[in-house]
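The values are calculated or read from the model by the stated rules, or taken from the named source; none is laboratory data. If you're wondering where the values come from, they're calculated on a predicted model, not measured in any experiment. Here Cβ is always computed from backbone atoms with ideal geometry, including for glycine, and neighbour counts include all displayed protein chains.
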């Protein structure tokens, strides 16, 4: 009897030890970002942000007493690679949730696997189709291309401009943005008098812009990301075109200004308030959040961009959901992400619901103009 008792006690101790080890297992966050390639200026600050804040959270004890582990793969902007990496993250790395998808193309490509496997996924891409229609397991933090179109059109209407030339790239974000421009234009009394396109790896768009110059356009909208919009901006100046130029939120970083040089002067675009945090009134509830993120990021990595801010928002929303769920149970975390309310982030104040897996309104967007190589709030 004593031998059995001792053996049973040893088993209990062993099981208790296993339980303690299991309890100490890290919460695994899977990430797939475009850190190299044409869209690297989006993915690079996203990865740096995730790494920085995972390290900071772990230094404070982690989440629910467990450390965070970030497992990341670089897609290079290749949607097929994104799919393969997400499958690896889910099947081999056994991650608890996903934060990533720098581009709309990468994000849309992985959604079938995310939905099939039932894993919470917070995208960092802009396309409205990511969340419309609503997908059970998919959320996003950046403003949508539809919101960008609405913000631009509102400004055009204020300026009395209604004949517009559109030029877009061939990526998922670009195409989605074009679709939203075409869809919303009639609501604002806008007529498109030119609709040109280019490849995102093209190095010269003067042929398309020459056609636009011969139209009766009163302004130009370029919807794209990566280096191509900077080339469009420079080509416009080289051709002597003086029409007002609008870019999308896909270029809201200092990198665009650096690439476009003095040709960027006067360009307008919608963007999150992060790049103009210091210009916000002190009473704005976002201001302390923005300045804190900006200070931390710039101390380690240099000029802040809205794209790193999207990663910050995604991580903070995920961490808060895990805390409310009592751990990384996927279904519970999904439900808590959907209940996100009053969460102040870099993109705005998030209020999600079963009908809205982004939770931002148009007021979260600022209309900016580049003046003397810096961002200035227009509206």
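Annotations
- Of the residues making up segment 237-263, those that are outside any helix (DSSP H, G or I) and either more than 26 Å from residue 301 (Cα to Cα) or out of contact with any strand residue (DSSP E or B) (no Cβ under 6 Å at 6 or more places or on another chain) (or both) are 239, 240, 241, 242, 243, 244, 245, 246, 253.
- Some residue of segment 292-305 being surrounded by fewer than 17 Cβ atoms within 10 Å (Cβ to Cβ) and within 30 Å of residue 114 (Cβ to Cβ): yes
- Breaking point among (1) touching a residue at least 60 places away in the same chain (Cβ under 8 Å); (2) under 18 Å from the mean Cα position of the chain (by Cα), for residue 74: (1)
- Of all residues in segment 342-379 being surrounded by 15 or more Cβ atoms within 10 Å (Cβ to Cβ) and without any contact (Cβ under 8 Å) to a residue 24 or more places away in the chain, the one that is farthest from residue 143 (Cα to Cα): 351
- So residue 113, is it in contact with a helix residue (DSSP H, G or I) (Cβ under 8 Å, 6 or more places away or on another chain) and at pLDDT 95 or above: yes
- Only residues that are at positive phi and without any contact (Cβ under 8 Å) to a residue 24 or more places away in the chain were counted in segment 19-71, giving 1.
- Entry remark, segment 328-338: residues being out of contact with any strand residue (DSSP E or B) (no Cβ under 8 Å at 6 or more places or on another chain) and either outside any helix (DSSP H, G or I) or closer than 17 Å to residue 280 by Cβ (or both) number 1 in total.
- Where strands (runs of 3 or more DSSP E) sit wholly within segment 107-212, those with at least 3 residues that are surrounded by fewer than 19 Cβ atoms within 10 Å (Cβ to Cβ) occupy 191-197.
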